[in-house]
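S.K.: One structure coming up, written as structure tokens, with questions to follow.
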Amino acid sequence: MHIHILGICGTFMGGIAVLAKQQGHKVTGSDLNVYPPMSTQLEEQGIELVQGYDPSQLDPAPDMVVIGNAMSRGNPCVEYVLDRNLPYTSGPEWLRDNVLQQRWVLGVAGTHGKTTTASMVAWILEHAGLEPGFLIGGVPGNFPFSARLGKAPFFVIEADEYDCAFFDKRSKFVHYRPRTLIMNNLEYDHADIFPDLASIQRQFHHLVRTVPSNGRILMPAHDPALAEVRTMGCWSEVELVEGDGANWQAKLLKEDGSAFVVLLNGDVQGEVHWSGLGRHSVHNGLMAIAAARHAGVRTADGIAALSEFVMPKRRMELRGEVAGIKVYDDFAHHPTAIATTIAGLRANVGTARILAVLEPRSNTMKMGVHQGELIKSLVQADKAYMFAPTGLGWDIHQLAQKAPIPTTVQHDINHLVDMLVAEAKSGDQILVMSNGGFDGIHSKLLEKLTKRYSQE
């Protein structure tokens, strides 16, 4: 078949393109901005890309148009598809019908940690020789690509709660029908499509309803929002991870989470020594070991695999070091993720100065939903620098004045870089947090730091 994908350069839709190509289909696609690294990855796979949404790309008509959730009514290609009655579907629905049928799906859901935990599960299965398929919403450290068909039966999927398409406002994950389901955590997020936490919980319960009775759900022992989802009805085996009475527990050997003991029902299973940092990484690791065990991987083998696990890109990724100043990149964009990311770094570096740099870029952040929690989330850093993007619906300067640590607001990236370069000294940790490219701030920082210290 000839499959054409609208919105192909997003991580999820790009993964769909790779899977379709591996099945032998002719795959083409378009996006508003065709840019690396996804454009490079797709072109290397022999996938033809078109910049923009001129309907001429749909003539001659493809056999199927897969429409990404960034597309809306009024888009020229969307209108062309509808007016000419071309066959179309959403990414999640195409995935279910063409890839996930007859597979043992291991789904990773939750507000935080989906990409990292899904990467861990895929790596544990790979390490065990099972060659799983996977689609991960990021760039995994142990694989050169974010999606592959793999070999039956196992397929690991990052189960996102965001909606599917303009014509299907259900969460993506309702299409996946996992046999093994990780529900990592649940907080209010995606304020642009969910009015409140209850509406997200309803979607999570739709997901719970799809897990078979011989399937398994892994969830935290103490997550109030997920506990409420469970009380709405549960028909599958449940294993609890961390907390009083949980099946799976971790005992830290190092405060920063870089080493911990794994316990199952009170019995020691082994020790993980790895590159992960922070209590949240330990939690994700336990979830991954538990999920792989349900798929038949011995706990000891899961532990051994994690000791060779490489964090995905943009998860506390060290981008460079100049004159003893380290620059990190992290995807954190929700107050809870920001707080746990800083806490993990703090436990690792002790009293060294942490300069936290934050871009409130997500739709939820721009709407100001988490203002109060946001400012508290920075408390373990020594200084904070907040970039004010366009379209911010609240007063970031007023918020900064209430911060528990010295906080600076800047509207210009280059000025922000200059401030950081002037402030930073040997031993400092510059932690940059954003769910976007942040205008290449990491490279600019390293370049100007190098220039500064080469002149001294």
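S.K.: Cβ-Cβ below 8 Å, separation at least six or inter-chain, first residue in the stretch 254-270 and without any contact (Cβ under 8 Å) to a residue 12 or more places away in the chain, second assigned to a loop (DSSP other than H, G, I, E, B): which pairs?
M.R.: 261/253
S.K.: Suppose we filter the stretch 272-308 for residues that are in contact with a Phe, Trp or Tyr (Cβ under 7 Å, 6 or more places away or on another chain), more than 13 Å from residue 182 (Cβ to Cβ) and not small (Gly, Ala, Ser); how many remain?
M.R.: 4
S.K.: Would you kindly identify the strands (runs of 3 or more DSSP E) lying entirely within the stretch 1-117 that contain at least 2 residues that are over 30 Å from residue 225 (Cα atoms) and not β-branched (Val, Ile, Thr)?
M.R.: Values: elements: 2-6, 26-31, 48-51, 64-67, 88-90, 104-109.
Correct list: 2-6, 26-31, 48-51.
S.K.: Continuing with the same structure: Restricting attention to strands (runs of 3 or more DSSP E) lying wholly within the stretch 132-222, give those where 1 or more residues are within 25 Å of residue 242 (Cα to Cα) and of a type in the set (Val, Ile, Thr). Lay out the reasoning, then the answer.
M.R.: Values: elements: 133-135, 154-158, 163-165, 168-171, 180-183, 216-220.
Output list reads 154-158, 180-183, 216-220.
S.K.: Any residue that is modelled with pLDDT of 95 or more and of a type outside the set (Ser, Thr, Tyr) - is there at least one of those in the stretch 182-190?
M.R.: From the stretch 182-190, those modelled with pLDDT of 95 or more are 182-183; that's our starting set.
This time we only want the ones that are of a type outside the set (Ser, Thr, Tyr), so: 182-183.
Yes - at least one qualifying residue is present in the stretch 182-190.
S.K.: Another question, if that's okay. Exactly one condition in (1) closer than 30 Å to residue 455 by Cα; (2) open to solvent by 20 Å² or more (accessible area, probe 1.4 Å); (3) part of a strand (DSSP E or B) is not met by residue 352; state its number.
M.R.: Here residue 352 meets the rest and fails (3).
S.K.: Sort through 250, 246 and tell me the only one that's surrounded by 14 or more Cβ atoms within 10 Å (Cβ to Cβ), of a type in the set (Gly, Ala, Ser) and within 17 Å of residue 292 (Cβ to Cβ). Don't jump to the end; show me each part of the working.
M.R.: On the way: 246 fails: within 17 Å of residue 292 (Cβ to Cβ).
The unique qualifying residue is 250.
S.K.: Turning to a different aspect of this structure: Write out, first by first residue and then by second, each pair whose Cβ atoms fall under 6 Å of each other, whose residues are 6+ apart or on separate chains, and whose first residue, in the stretch 58-81, is closer than 13 Å to residue 30 by Cα and among the polar types (S, T, N, Q) while the second is open to solvent by less than 40 Å² (accessible area, probe 1.4 Å) and not in a loop (DSSP other than H, G, I, E, B).
M.R.: none
S.K.: Can you pull out every residue in the stretch 93-118 that is modelled with pLDDT of 95 or more, of a type outside the set (Val, Ile, Thr) and open to solvent by less than 30 Å² (accessible area, probe 1.4 Å)?
M.R.: If the condition is that a residue be modelled with pLDDT of 95 or more, of a type outside the set (Val, Ile, Thr) and open to solvent by less than 30 Å² (accessible area, probe 1.4 Å), then 94, 95, 100, 106, 107, 109, 118 are the ones that fit.
S.K.: Additional query: Run down 266, 302 and say which single residue is touching a helix residue (DSSP H, G or I) at 6+ places or on another chain (Cβ under 6 Å) and either on the phi > 0 side of the Ramachandran plot or crowded, with 22+ Cβ neighbours inside 10 Å (or both). Can you show your working first?
M.R.: Working: 266 fails: touching a helix residue (DSSP H, G or I) at 6+ places or on another chain (Cβ under 6 Å).
Checking each option against the conditions leaves just 302.
S.K.: Continuing with this model, one more query. Restricting the search to the stretch 253-262, which residues are within 25 Å of the chain's Cα centre (by Cα) and open to solvent by 70 Å² or more (accessible area, probe 1.4 Å)? If you could, list the steps in order and put the result at the bottom.
M.R.: Step one: filter the stretch 253-262 for residues within 25 Å of the chain's Cα centre (by Cα), giving 255-260, 262.
Result: 255, single match.
S.K.: Here's another thing I want to ask about it. Can you pull out the residues in the stretch 424-445 that are in a helix (DSSP H, G or I) and either open to solvent by 30 Å² or more (accessible area, probe 1.4 Å) or touching a helix residue (DSSP H, G or I) at 6+ places or on another chain (Cβ under 9 Å) (or both)?
M.R.: Answer for the stretch 424-445, where residues must be in a helix (DSSP H, G or I) and either open to solvent by 30 Å² or more (accessible area, probe 1.4 Å) or touching a helix residue (DSSP H, G or I) at 6+ places or on another chain (Cβ under 9 Å) (or both): 438, 439, 440, 441, 443, 444, 445.
Residue-by-condition table, conditions (1) buried (at least 21 other Cβ atoms within 10 Å of the Cβ); (2) among the basic types (Lys, Arg); (3) under 19 Å from the mean Cα position of the chain (by Cα):
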residue	(1), (2), (3)
286	yes, no, yes
289	yes, no, yes
298	no, yes, no
306	yes, no, yes
309	yes, no, yes
312	yes, no, yes
316	yes, no, yes
319	no, yes, yes
325	yes, no, no
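The values are calculated or read from the model by the stated rules, or taken from the named source; none is laboratory data. Computed from a prediction, not measured in an experiment: that's the story for all the values here. Cβ sites come from the backbone with ideal geometry, for glycine too, and all protein chains shown count toward neighbours. What goes into the accessible areas is simple: the full protein's heavy atoms, side chains included, and nothing from ligands, DNA or RNA. Shrake-Rupley method; radii C 1.70, N 1.55, O 1.52, S 1.80 Å.
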